[in-house]
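One structure is given here, and the rest of the page talks about it.
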Amino acid sequence: MSYGSLTDVQWICQVCDGAESSAPGSEPPSPPVCHTCARLCLNDALRVLGVAL
């Protein structure tokens with residue numbers, strides 16, 4: 001896909017539709033979910049499972 005790119009790779013978070021970019025030479029996440037949304041989803045899942053944070 002973009003591995004080895006010399007410029008930032010722009011991508012859109014599938015949860016919040018926020019624009020994000022990956023550093024040159026790195027791949028965007030798959031699935032494309034930003035760190036904030038991933039953290040919120042993880043917290044929700046742990047809460048449903050009864051894990052105290």
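Any read-out appearing in this document is the output of simple, stated calculations on the displayed coordinates, not a laboratory observation. Keep in mind that what you see is a predicted model, and the values were worked out from it rather than measured. When we count neighbours, we look across all protein chains shown, and the Cβ atoms used for this are built from the backbone with ideal geometry, even at glycine.
The string of couplings for the stretch 35-50 from the Karplus curve (6.51, -1.76, 1.60, θ = phi - 60°) is 4, 5, 5, 4, 5, 5, 5, 5, 4, 4, 5, 5, 5, 4, 7, x Hz, one whole number per residue in order, with x for Gly and Pro.
A protection proxy built from the mean count of other Cβ atoms within 10 Å ranks the segments 14-26, 38-50, most packed first, as 14-26, 38-50. Annotation: amide H-H contacts under 5 Å for residue 15 (H modelled 1.01 Å from N, sequence separation of 5 or more, or interchain): 34. In the chain, helices alone account for a calculated mean residue ellipticity at 222 nm of -8500 deg cm²/dmol, with every DSSP H run of four or more residues adding -39,500 (n - 2.57).
Between residue 46 and residue 7, full extension at 0.36 nm per residue minus the direct alpha carbon distance yields a gain of 10.4 nm.
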